[in-house]
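Student: Sharing a structure here in structure tokens format.
None of the figures in this text is laboratory data; all of them are computed from the coordinates on show. The structure presented is a predicted model; accordingly, all values stated were derived computationally and were not measured. As a convention, Cβ positions derive from the backbone with ideal geometry for all residues, glycine included, and neighbour counts pool all protein chains shown.
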């Protein structure tokens with residue numbers, strides 16, 4: 001009988017052929033890529049968006065002629081985009097780490113300009129090239145950046161560019177270069193709006209399928225994000241006009257974009273230094289600083305203050321059972337409820353692991369009503385662990401409850417530190433009496449009748 005190794009000369013000492021081993025390595029790499037572990041609705045959505053971008057690009061490319069001047073403009077736009085990104089690469093990497101909403105990376109200056117002045121196929125090439133450069137040079141080492149998310153962004157931007165290209169076709173190059181007629185300006189505004197709506201809408205759709213936290217901020221970003229995007233798109237329109245009228249003048253946009261990019265980072269750093277990463281509320285240091293000024297004002301003016309200290313019941317069990325990612329979703333949901341149930345002028349924040357709210361000019365009875373309203377609203381929350389963004393399934397968490405301790409100035413304490421302490425004692429009383437309760441720490445001579453309700457306890 002011939003030796004098995006002689007029969008299969010490509011087999012290794014472990015008994016597997018080199019071809020088989022390389023095939024398994026490739027399969028493990030494919031199977032291990034996060035893209036294939038996405039939940040089915042999200043995976044179908046991502047593939048659909050990518051396929052739509054590919055098909056539309058192919059159809060439009062076949063109907064367009066490409067001139068030598070277009071190729072020169074393609075090279076110029078991509079070169080300008082690369083130069084700008086290289087100058088802001090370290091800033092961009094820091095900004096990306098802070099991103100927790102649809103992300104504005106400011107490449108739309110060049111992608112919109114390309115959509116307005118180039119044939120659709122070439123504008124799509126600009127998008128692919130610039131995002132590939134961003135990935136390999138900047139985003140690849142940032143843990144919040146995922147390859148499949150970048151692919152969604154690329155597909156969304158390509159479709160946005162094709163929408164803007166359709167409007168540019170209505171304008172025509174001569175009219176765009178002049179940009180003086182009211183009709184041209186109106187169509188350019190339309191191009192900007194359509195580009196933004198398509199891009200943001202497609203990305204928001206992916207976010208909606210990715211997470212159970214479907215708030216406007218989570219899906220669409222903040223008002224500041226929107227203002228930044230439209231400012232960037234406006235510069236894209238200017239870049240397109242300059243490319244047609246005086247191409248060399250476009251280089252003057254580079255320092256403007258670099259300064260804008262740095263300014264946005266400074267704003268993000270200032271915001272990050274004063275906000276809690278898990279809830280978006282003021283963090284402990286920032287809340288204490290503002291609360292201290294409010295307390296000094298109340299002492300000076302002789303007005304009252306109310307303080308709520310809130311702690312989630314059995315939150316450690318939620319984290320242990322469903323994971324910290326779902327725990328963060330719970331914190332976000334409770335933070336939204338608190339901010340919705342209190343007044344806009346009330347100071348909401350985090351104090352260590354608790355939520356805190358400082359209410360100006362309230363009586364003990366009014367303060368108790370606020371606490372009860374928040375407690376009841378939190379108890380009505382229904383959160384599902386099956387909607388966690390990591391794709392796992394699990395049992396529903398039917399409700400989340402919160403215990404609340406209340407204190408009042410000047411009836412409970414005469415300093416902010418003592419007011420926090422009094423609210424903390426009341427919080428412990430609420431937990432000792434069964435949780436999902438509101439307790440108030442007051443001088444008994446000022447005890448309100450409502451404080452003896454079934455859902456509240458007093459000390």
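Student: Please grab the % of Cα pairs in the range 41-274 that end up more than 24 Å from each other.
Tutor: Details: 11585 of 27261 pairs.
Above the 24 Å cut-off, the range 41-274 has 42 percent of its Cα pairs.
Student: Compute for the range 290-369: radius of gyration divided by Kirkwood radius, i.e. Rg/Rh, restricted to C-alpha atoms, rounded to two decimals. Numbers along the way, then the final one.
Tutor: Numbers: Rg = 15.0 Å, Rh = 14.1 Å.
Radius of gyration relative to Kirkwood radius: 1.07.
Student: Follow-up question, since we're still on this one. Ranked by Cβ crowding within 10 angstrom, fewest neighbours first, how are 129, 252, 326 ordered? Present the calculation step by step, with values, prior to reporting the outcome.
Tutor: Numbers: 129 17, 252 10, 326 24.
Result, fewest neighbours first: 252, 129, 326.
Student: Can you sort 122, 116, 194 by how many other beta carbons sit within 10 Å, fewest first? Present the calculation step by step, with values, prior to reporting the outcome.
Tutor: Numbers: 122 22, 116 28, 194 15.
Arranged by neighbour count, lowest to highest, 122, 116, 194 become 194, 122, 116.
Student: In nm, to one decimal, how far is the residue 321 label point from the residue 246 one, both placed 7 Å along Cα→Cβ?
Tutor: A separation of 6.7 nm, rounded to one decimal place.
Student: Compute and list, largest first, the equivalent-ellipsoid semi-axes of the range 82-210 from the alpha carbon gyration tensor, each √(5λ) rounded to a whole angstrom. Please report the intermediate quantities before stating the final value.
Tutor: Details: eigenvalues 157, 52, 30 Å².
Taking √(5λ) for each Cα gyration eigenvalue gives 28, 16, 12 Å.
Student: Could you work out the Kirkwood radius for the range 176-220, taking every pair of different alpha carbons, averaging 1/r and inverting it, reported in Å?
Tutor: Values: mean 1/r = 0.0811 Å⁻¹.
About 12.3 Å, per the Kirkwood formula over Cα pairs.
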